[in-house]
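The values are calculated or read from the model by the stated rules, or taken from the named source; none is laboratory data. What you are looking at is a predicted structure, and each value in this text was computed from that prediction instead of being measured. Note: ideal-geometry Cβ built from the backbone for every residue, glycine included; neighbour counts use all protein chains shown.
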């Protein structure tokens, strides 16, 4: 088996607050192969965004990576200097954010913001950077690209802005693309176009993709493998087919149960009863037990480990045998 | 540097603010957590308490003149009198007692003028920014005229006509300062107005008044509070400057600015006459600024969790 | 004493360092000369520039349209009078060589024939006629009121004039030796207009106009052709520095040679510096408390007015507020003025017990309410006076007004019972002290009306028998100590800081004759 | 843009008219110049004569009409006080006022931008606290106080700078610091608050995710946005310094417009007051227009209307 493109091992990221240290990411491990799309799913606050920001090296005070390794192309990102990390960002690995409305700087033109990437990573001249920007915009399906470079973000629709974000992220043909809820803020019709674009371009460039979402519909369409996170931990990992066919963690079951139909949009996975636990005050034993219909008395005491439950299929549950759809 | 603000990080804990824990309690908690906020509110409180309970704290009549006891140094220095804590001024008046009573004028003028100018400015700024068109045109032309007339001219004239006094001072400072509120509030409104949630509210048919109060006002509050706290400070200083120009509060009333101004000629020979009122002003200003910072963090919706 | 100083400075410097530590970053370090004047030369033997700092700027270079001693103090270096006061108030010739009274309404003056204006025009009788008739006839000029009784000036020959007045004027010479009688160049003004003259003024004095940066400085240069010999200084600079502490700082750093209006608190500080000195001199200004005698006002009662005078300890005010720079007096006609009564000078009455008793007699044992107004300039004096009045049973409503409000109220006669006023006298004649108490002028202000005094005042105005006239004024002064339409606090002293190597004796009239200021 | 500027310029006309009217009324309610021009001993008759000579006996609206008629032709009348044309007297003060205001703003900006940014970046650290303390001090010391202290320290004790007056650039240093300190304090707080808000924006995270240098993130992406509200304040501050530096002018004996204006008000010198306010108004309006243009340039979201 070749070395994976990215391997995250036992990652811990926490935030210091006045109330105490919040362990947002608590021993997460997974890997991404070249050209593979890995989806990370979970509710708000489960640590999926913090995981992606940890990989990008964008966690800053009061947060910090407190343990683990992030091996990217054979180098441990945790140990890299800020300067080395910066050279990777936007170049070897890049990121698309959820809110296209606010992710672009309102006071600079599209061209200006896009050209920055070429200038800093490829040392392009102003003219080159501009030409490359226009080319890149055309590649993300923007027809009047040469006009668009002179426009400001507020003059663009949400879908267009997200295309610009994608153009920016893929400008340097990165090996890894992290897409953090890239379509949540968009119309359903636009969603499909954008996902299509990400998938086409990443196939073309043989880019590894981490797709962060709480929308299992998107996962089914886009991903090769899935990591399910709950309260800062990985609770299940499997190929898309295995996960949808035979989930082995009650939480995954809950998520699948709440899978929205394609024509419907929901912000919350409302069908799982109860609330996400307070990371400062975690329940004893399995963190999910207060919300779990399978939970027995042992679940309140014993903290389960991530165990193999099938080929390439892992789950963190004492009762994984019993779990079924 | 932080991508996730503190409050966002708090939000990561997954804890939602409990309904039972009211805003007030939430505020008190966050206040105690912020060291500068605590310091700020402590200073402001102490100054307010001193101002309100002035007769309790003063050891002497603030205006009582005794030429025989003039320019005594603070009590801990050689030559100081035990009953004059911070010494006496050029007319033998007790400096501590004058500072105690002076806090009243400084605070009343500071807060009164800011309330006045803030109210006028915020109202006109909101109207101009929100309604635009001719409302904006008229308000902004008046504002233009107001800032184009030097404040000092206005002050001289009003003080000459109405005569010096607390009310006149508040009026003069208040009315000359509204323009900065109006302009900043208008600027903020213009940019907030373009945001989606306001557009959305409009599209949903919300009434203008409702949009202003629920959507725009909270968003301009941050800038507004910063100017206000700075303005309380500015106003206290402005009163001092007016005293310097001979236009300030007149005896027997006493203000910090007046003390500082009168004391300036004793700087080289009897430093305590001006230094203590100067310190009083600086410390109060510091308190007001810290308090204002905390207040802004508390009130600014943009500073709160939005995950 | 020293410890306070050190501690105080430690505090100040700590504060300063914090504030300016960042300020400096923004500035390139400037190596500069420490003396402020561009024209200042290093102190020492070859010093040629004299720099004098005043609290105010002059009003203009029109000597006829000024109303302020500080202006005159500067202008006497550019413009000459026909005659002037020497340091002892004797009239000495300047542009006139001699004068005589031809009759009650005519003075004849002989003029110098060797004088040139700064632009080269010769000085003749035509200039005297032009100047005096201008100030006498143009009612928009601020000095007009002192000269409007001049009927005409007749040119007898190029160097002889007759000044003819409507009425006998016993103090014509006093008028000719002061501000409104500066001699202007008739030809220059007639050819160029007064506005051009004001931009480039021309006189006959020892110094020529060079540059006026208003509210900053007036620069004069030596008039090498001066008829009185080559002037002492190459350049004379008058700075206008309103803030007293800045004036003192300029003196301490050598930026100015003479600083006027030194606060009494800074005397010790200046004296402590090697080479610097402080000179005090009486000036023509007496602090009055003027009382309203209008029927129905509390101060209409002579007992109340007497109580007020007795309640005030003049010496304490002089010592505590003026730092000792004053002389108590019961008259405003101080020595050096025509008509002064020395028995009322350098004295005061003070008796708190008697004051209380008088108030009681007058029926005010439960407190007598008076309002007392003062300009902000004399705020401290007013505060102390108010405290003294309170001590004997008055309830004082103290009203401190900023300068222009005060003037406004003063001129519209709106003060209530008492107001504090510093009154100067540039005529050096008692008539000037009593103008406001003449019946016509007093109406609405003090409402003082003593027919006997009125008659004395009116008769003295035109009394050409000087000995009798002096007696008339002395009688008025004595009567004032009984009638008390006003009481007097003290004659003020000017306090001047004098720089290293400068010899200067301040004058009663506050003039700066640069020619009398020497390099030691 | 050009249309916008023309429109703004046209809008100045009613504003200037409004100002003239306000000032005319203001000066007249304070009192009669005649009272202050004559010696205390003048009689009623003297006053009447002078009043007539100056045209002050005519009804107010006629005086105002005459004033406007002449003002439109650039003639603001004669100063009672100086006996010269008013406008040149005002114009000769402009260089000094501009120098002082400009230098003060320069110092304030040079101090406030770095301090505000540092304060925001190091939020809630001791450095932030220290800078807050500095702002309070800068704000908490009235100009006359700062000025006197600066003179004592830098002129009297250290002998580095001249005490007062207008001369070479070295004369400008202390007054400019005096003015700048207070403004810097306010601007620092504003930049801090503004930057704090901006640094939490998602486009800053985007900028970082692109691998931009931190300096570019701060100085390009954050500062450009952070300056938008600051520009308004800077414009306001600068305009308030034109003719509004009286205290500093008094302490440093600086021959600016402030001293001229106040002495003119105190002597009821109508012509000077009107001319000074008119000149100041034009400058203020021009600076406002400039501020607006810069504001719009900085924030493309705002449309020209």
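Of note:
- Of the residues making up segment D:200-218, those that are more than 31 Å from the chain's Cα centre (by Cα) and in a helix (DSSP H, G or I) are D:202, D:203, D:204, D:205, D:206, D:207, D:208, D:209, D:214, D:215, D:216, D:217.
- Here C:262, C:248, C:278 are screened, and the one residue that is facing chain D (nearest Cβ under 10 Å) and in contact with a strand residue (DSSP E or B) (Cβ under 7 Å, 6 or more places away or on another chain) is C:248.
- The requirement of being under 23 Å from the mean Cα position of the chain (by Cα), more than 10 Å from chain B (Cβ to nearest Cβ), part of a helix (DSSP H, G or I) and more than 27 Å from residue B:264 (Cβ to Cβ) is fulfilled somewhere in segment D:116-135, by at least one residue.
- Checking residue D:151 against (1) surrounded by fewer than 24 Cβ atoms within 10 Å (Cβ to Cβ); (2) in a helix (DSSP H, G or I), the condition it does not meet: (1)
- If you check B:99, B:108, B:138 for being in contact with a helix residue (DSSP H, G or I) (Cβ under 6 Å, 6 or more places away or on another chain) and either closer than 30 Å to residue D:288 by Cα or in contact (Cβ under 8 Å) with a residue 60 or more places away in the chain (or both), only one passes: B:99.
- Residue count for segment D:30-50, restricted to those that are at pLDDT 75 or above and more than 10 Å from chain C (Cβ to nearest Cβ): 0
- Single residue of segment C:437-459 satisfying the filter (touching a residue at least 40 places away in the same chain (Cβ under 8 Å) and outside any loop (DSSP other than H, G, I, E, B)) that is farthest from the chain's Cα centre (by Cα): C:442
- Those helices (runs of 4 or more DSSP H) of segment C:192-307 in which 3 or more residues are under 30 Å from residue B:269 (Cα atoms) occupy C:244-252, C:267-271.
- Lone qualifier among C:78, C:92, C:102 - being under 23 Å from residue C:283 (Cα atoms) and part of a strand (DSSP E or B): C:92
- Filter pass, residue D:95 being more than 11 Å from chain B (Cβ to nearest Cβ), out of contact with any helix residue (DSSP H, G or I) (no Cβ under 9 Å at 6 or more places or on another chain), part of a helix (DSSP H, G or I) and modelled with pLDDT of 85 or more: yes
- Test result for residue C:516, under 28 Å from residue C:453 (Cα atoms) and at pLDDT 90 or above: no
- Search result, residues across segment C:184-217 that are out of contact with any helix residue (DSSP H, G or I) (no Cβ under 6 Å at 6 or more places or on another chain) and within 12 Å of residue C:75 (Cα to Cα): C:201, C:203, C:204, C:205, C:207, C:208, C:209
- Residue in segment C:362-377 that is in contact with a helix residue (DSSP H, G or I) (Cβ under 7 Å, 6 or more places away or on another chain) and in a helix (DSSP H, G or I) present: yes
- Candidates C:218, C:155, filtered to the one that is within 14 Å of another protein chain (Cβ to nearest Cβ) and touching a strand residue (DSSP E or B) at 6+ places or on another chain (Cβ under 7 Å): C:218
- Scan segment C:240-257 for residues that are within 20 Å of residue C:68 (Cβ to Cβ) and out of contact with any helix residue (DSSP H, G or I) (no Cβ under 8 Å at 6 or more places or on another chain) and the total you get is 2.
- Per-region count, segment C:388-427, residues within 12 Å of chain D (Cβ to nearest Cβ), in contact (Cβ under 8 Å) with a residue 24 or more places away in the chain, over 24 Å from residue C:491 (Cβ atoms) and in a helix (DSSP H, G or I): 1
- Taken over segment B:59-95, residues that are exposed (fewer than 15 other Cβ atoms within 10 Å of the Cβ) and more than 13 Å from chain C (Cβ to nearest Cβ) amount to 4.
- When A:132, A:175 are screened for being more than 13 Å from every other protein chain (Cβ to nearest Cβ) and either in contact with a strand residue (DSSP E or B) (Cβ under 7 Å, 6 or more places away or on another chain) or within 24 Å of residue D:302 (Cβ to Cβ) (or both), only A:175 passes.
- Unique residue being within 17 Å of the chain's Cα centre (by Cα), surrounded by fewer than 24 Cβ atoms within 10 Å (Cβ to Cβ) and within 7 Å of chain B (Cβ to nearest Cβ) when the list is D:289, D:285: D:285
- Of note, residue A:88 satisfies the criterion of being more than 14 Å from residue A:32 (Cβ to Cβ) and either in contact with a strand residue (DSSP E or B) (Cβ under 9 Å, 6 or more places away or on another chain) or more than 10 Å from chain D (Cβ to nearest Cβ) (or both).
- Test: residue in segment D:285-301 that is in contact with a helix residue (DSSP H, G or I) (Cβ under 8 Å, 6 or more places away or on another chain), in the same structural domain as residue D:147 (by TED's automatic domain parsing) and over 25 Å from residue A:107 (Cα atoms): yes
- Only one of D:258, D:235, D:243 that is crowded, with 21+ Cβ neighbours inside 10 Å, at pLDDT below 85 and closer than 30 Å to residue C:68 by Cα: D:243
- Residues (over 25 Å from residue B:245 (Cα atoms) and at the interface with chain C (Cβ under 7 Å from one of its Cβ atoms)) located in segment D:143-159: D:159
- Where residue C:73 falls short, out of the listed (1) part of a strand (DSSP E or B); (2) out of contact with any helix residue (DSSP H, G or I) (no Cβ under 6 Å at 6 or more places or on another chain); (3) buried (at least 19 other Cβ atoms within 10 Å of the Cβ): (1)
- Test: residue in segment D:177-193 that is facing chain B (nearest Cβ under 10 Å), outside any helix (DSSP H, G or I) and touching a residue at least 24 places away in the same chain (Cβ under 8 Å): no
- Test: residue C:189 is within 18 Å of residue C:511 (Cα to Cα) and modelled with pLDDT of 90 or more: no
- Criterion: surrounded by fewer than 19 Cβ atoms within 10 Å (Cβ to Cβ), more than 10 Å from chain D (Cβ to nearest Cβ) and in a helix (DSSP H, G or I) - qualifying residue of B:205, B:129, B:167, B:125: B:167
- Among the residues of segment A:175-190, some residue qualifies, meaning at least one is at pLDDT 85 or above and more than 21 Å from residue A:13 (Cα to Cα).
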